[in-house]
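To start, the structure under review is shown below, and the notes come after it.
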Amino acid sequence: RSSFTSLVVGVFVVYVVHTCWVMYGIVYTRPCAGDANCIQPYLARRPKLQLSVYTTTRSSLGAENNVDLVLNVEDFDVESRFERTVNVSVPKKTRNNGTLYAYIFLHHAGILPWHDGKQVHLVSPLTTYMIPKPEEVNLLTGESASQQQIESEKKPSSALDEPVSHWRPRLTLNVMVDDFVFDGSSLPADVHRYMKMVQLGKTVHYLPILFIDQLSNRVKDLMIINRSTTELPLTVSYDKISLGRLRFWIHMQDAVYSLQQFGFSEKDADEVKGIFVDTNLYFLALTFFVAAFHLLFDFLAFKNDISFWKKKKSMIGMSTKAVLWRCFSTVVIFLFLLDEQTSLLVLVPAGIGAAIELWKVKKALKMTVAWRGLRPEFQFGTYSESERKTEEYDTQAMKYLSYLLYPLCVGGAIYSLLNIKYKSWYSWLINSFVNGVYAFGFLFMLPQLFVNYKMKSVAHLPWKAFTYKASAAHPTAFNTFIDDVFAFIITMPTSHRLACFRDDVVFLVYLYQRWLYPVDKSRTNEFGESYEEQPKRKPHAD
C-alpha cells in the first residue's frame, strides 16, 4: 500500500513540474536573435489609430451596409485604459430570439475601416442562448417581486424550457503593446492566429494584435432579451496587455471552449471562467497549486478512508450518530447542488462523496446490529463493554444537542418560508435542510468529541484518513487549511465560506484531544487488538 501511495505522490509531483514547465513556455517567448527572418511590431512606428465598434445581425461582414456604429474612439491610445457604456439598438430579428454580433475595428485615424488595408478586426457575439432560470415566488402568497413572472405567463409552458437569447452587457478589449520582435521561423501557434503581417520595404511587420477577452462574460451578468426591448446597455472596456498574459489568456479561453465542445453548458464553463476572472495572476498561480494539492489529498483521503472502513469490525469509539449525520448532510448538499443546477465540476465530486457516505452508513449499521446480539463474537469481552459505553455516550451527547438543534432548524425553515422566495416546495425543503447543514453542522461533529472525552482516548479514530480529509466523524487536517485558502481566493456563498472556518474550530479541538489523550498501547484498538499483547505460543511437547 505504501508503494502505491508513493507512486501516486510521484505521479503528482511529475504532473506539477510538467505543468510549471508548460506554463513557463507559455508566458516566456524567445525573441528573434538576428536581423534575418524577424517580424517587427507595427506599433513601434507610433501610428495614429482609431477604434470603431459596429453591430449587425450578420456573422460575416462584406460591406458597410446594414451595420450600426455604436462606439468611435478617435486618437485611440493603446497605452490608456478606458471604460464606456453605450446604448445599443436591438433589431427586431434579435428580439425574436435572434443573434447580434459586434465587429471591432482598429484602423488608421480618419479612414473608414473598409478602406484601410492595414486595419485589424475581430467579431464577437453579443448574445448567447440559455434556458431562463425559473422564477422564484413566495410559496404561501404566490407573489413575485419582478416582472419576469408576468412575461412568462404570456408564453406557453413548453417555451419556458427552451433556450432564449440573452444579452452580454460587457465587451472587454485588449491590445498587445510590447515592442516584441518575433522570430518568423518559430512563431507561437497561439498568437499566430491573431497576427496579421504586412510588408513594409524589406521588413515584415505585424499589425497591432487585437484580442477580445471572452472570460469576462459571466452568466450572472446576462440579461434576457424581451420582445419589447428596443435598447440595451453595453459596457466597452479596454486595457493593454503584455505578450505573456495574452498567450496565457488565449490558452485559458481555448480550454473553456474545449469544455463546451465536450458538452459543458454555458453555466458549467462559467464556473471555470470565475477562477481566472475573479483572481489576479499571482492568486491564480496559488489557486493552481492549492487545487492540485486539494486533488491529491482528496484521493489519498478516499483511499485511506475506504481502507479504514473495510478493515473495521466494530463501532468501538465511533459515533454512529455522527456517521449518519455525515451521510445525511452530504446527500442533502448533493441534492441542493443538483436543484441549483450547479456546474458538473462541483456536482460530480459531491455525488461520488455521497455514494461513499451511503456505503459507510450501510457498513456502520451492520456493525451496530452485530454487536447487539446477532453475532456471538461481539457478545463478550472488551468489545461488548466498549461498544456499550460508546453507544451510551453517543446517545447522551445527541440528547443534549437536540434541545438546541431542532428548534433552530424548525424556526429557520418557517422564517425562510415566510420571507424568502423559492422556485417550488421541493426547493424550499432542500434549502431548509442545507441551511441546517451549513449553520448547525458542527453540532453534529460534537458527539464524537463527547465520546472521545468520556472514553479518554482517540486511538479509535482513522488518523491516516484524518490527515488528508474528513472521515465520517471528524473534520479535515490538511484540507482544513486548503479550504481556508479557497475561502479567500475563490468566489463562494457566504454560508459555505463560514462552514470552512466552522470546521477549523472542531479540528483544533480534535488536535487538543490528540495531545490530551495519547495513544495507550495497552488499550485495544478498533480491531480488538493490543500492541502489548504477545501472541500465545503452544507449549512444547516435552
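The values are calculated or read from the model by the stated rules, or taken from the named source; none is laboratory data. Please read these numbers as outputs of a predicted model, since none were measured by experiment. A quick note on method: Cβ atoms are made from the backbone with ideal geometry, for glycine too, and the neighbour counts reach across all protein chains shown. Please note that ligands, DNA and RNA were not included when accessible areas were found on the heavy atoms of the full protein model with its side chains. Shrake-Rupley method; radii C 1.70, N 1.55, O 1.52, S 1.80 Å.
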Cross-link pairs K92/K220; K93/K273; K311/K366; K313/K362; K303/K360 - those with Cα-Cα distance over 19 Å: K92/K220; K93/K273
Loop sites in region 1-108: GluC sites (Glu not before Pro), DSSP, at most 11 other Cβ within 10 Å: E79
Accessible surface of region 168-311, 1.4 Å probe, proportion on carbon and sulfur as whole %: 58
Point-to-point label distance, T128-V348, nm (Cα→Cβ direction, 7 Å offset): 2.0
